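Asks: Here it is: the structure, laid out below.
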Amino acid sequence: MFIEQPAIFMRWLYPHALWRMDRNEKSVYLTFDDGPIPEATPFILDTLDKFNAKGTFFMVGENAVKYPHLLQEVKMRGHRIGNHTYNHISGARHWTWTYLANAKMADRVLNTDLFRPPHGWIRTTQYRVLRKCGYRVVMWDVVTRDYSKMLTAEDVINNVKRYARPGSIITFHDSLKSIDKLKHALPESLRWLTEQGYSFRIFD
């Protein structure tokens, strides 16, 4: 559970980040990290369409530059774009201004006020500077762990069933590590969430 849902101390570290949305509304916020890539993004988009669902794609800037047609396709289908740095860099390994410069480089392509740090962690100084620059930092309430070699597609689905709740920000990955599992896990997760009465929201 420490991995699938954030520890309390992490919420204290980043108190104004978005961890969970309205608890009184039966909706969830689907997010997809690390894309766009041709091996995964089209499948995710088609699956979301089948369930009339919208999501937020936290894109790596260099992927968006490499595949601009996928960036435009995500926008055209009504989904939200978020910034996941230009090179998927770790906050632990970079100084604050280097990190900010990398995020700004990505934003020249992505043009968004939403930011999610790769690996879900940044220095508190980086967090404060990003907020001062106008970014809303989006974390998560549920990590499906679809990237893990130790989990099966059924495990990913079970993580959604076990941890999703009203207002959950659910994290999947738009990546090579995840796509084989997502081909089964994403439609089944969306089917279950729909059956439970959840709607799918994107950030304002």
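The values are calculated or read from the model by the stated rules, or taken from the named source; none is laboratory data. Computed from a predicted model, the values in this text were never measured in an experiment. No Cβ is skipped: glycine too gets one built from the backbone with ideal geometry, and neighbour counts run over all protein chains shown. For accessibility, only protein heavy atoms count, side chains too; no ligands or nucleic acids. Shrake-Rupley method; radii C 1.70, N 1.55, O 1.52, S 1.80 Å.
Asks: Can you find a residue in segment 25-34 that is under 18 Å from ARG201 (Cβ atoms), in contact (Cβ under 8 Å) with a residue 40 or more places away in the chain and open to solvent by 20 Å² or more (accessible area, probe 1.4 Å)? Don't jump to the end; show me each part of the working.
Replies: Of segment 25-34, the ones under 18 Å from ARG201 (Cβ atoms) are 25-33.
So of that shortlist, the ones also in contact (Cβ under 8 Å) with a residue 40 or more places away in the chain come out as 25-33.
Add one more test, that the residue is open to solvent by 20 Å² or more (accessible area, probe 1.4 Å), and what stays is 25-26.
The answer is yes, given that some residue of segment 25-34 is under 18 Å from ARG201 (Cβ atoms), in contact (Cβ under 8 Å) with a residue 40 or more places away in the chain and open to solvent by 20 Å² or more (accessible area, probe 1.4 Å).
Asks: For segment 35-58, which residues satisfy the criterion of being of a type outside the set (Lys, Arg) and either open to solvent by 10 Å² or more (accessible area, probe 1.4 Å) or free of Cβ contacts under 8 Å to residues at least 60 places away in the same chain (or both)?
Replies: Looking only at segment 35-58, we keep the residues that are of a type outside the set (Lys, Arg), and these are 35-49, 51-53, 55-58.
The answer is ILE37, PRO38, GLU39, PRO42, PHE43, LEU45, ASP46, ASP49, PHE51, ASN52.
Asks: So, one more: Condition first: in a loop (DSSP other than H, G, I, E, B), among the hydrophobic types (A, V, I, L, M, F, W, C) and exposed (fewer than 15 other Cβ atoms within 10 Å of the Cβ). Now tell me which residues in segment 78-131 satisfy that. So that I can check it myself, show each step before the final result.
Replies: Going through segment 78-131, the residues in a loop (DSSP other than H, G, I, E, B) turn out to be 78-79, 84-90, 94-95, 111-113, 116-117, 121-123.
Subset that is among the hydrophobic types (A, V, I, L, M, F, W, C): 89, 95, 121-122.
Scanning segment 78-131 gives a single hit, TRP95.
Asks: Just give me the residues in segment 158-204 being open to solvent by 20 Å² or more (accessible area, probe 1.4 Å), at pLDDT 95 or above and assigned to a loop (DSSP other than H, G, I, E, B), in sequence order. Even if it seems obvious, please write down each step before you answer.
Replies: Taking segment 158-204 first, the residues open to solvent by 20 Å² or more (accessible area, probe 1.4 Å) are 158, 161-163, 165-166, 173, 176-177, 180-181, 183-184, 187-188, 191-192, 194-202, 204.
Then keep just the ones that are at pLDDT 95 or above; that gives 158, 161-163, 165-166, 173, 176-177, 180-181, 183-184, 187-188, 191-192, 194-202.
Listed by number, the residues that qualify are ARG165, PRO166, GLN196, GLY197, TYR198, ARG201, ILE202.
Asks: In segment 135-150, what count of residues is obtained for those that are under 23 Å from VAL74 (Cα atoms) and open to solvent by 20 Å² or more (accessible area, probe 1.4 Å)?
Replies: Going through segment 135-150 one residue at a time, the tally reaches 4.
Asks: A further question on this structure: Report, by residue number, each residue of segment 109-143 that is among the basic types (Lys, Arg), touching a residue at least 24 places away in the same chain (Cβ under 8 Å) and out of contact with any strand residue (DSSP E or B) (no Cβ under 8 Å at 6 or more places or on another chain).
Replies: Taking segment 109-143 and keeping what is among the basic types (Lys, Arg), we get 116, 123, 128, 131-132, 136.
In the following step, the residues that additionally are touching a residue at least 24 places away in the same chain (Cβ under 8 Å) were identified as 116, 123, 131, 136.
Matches in segment 109-143: ARG123 only.
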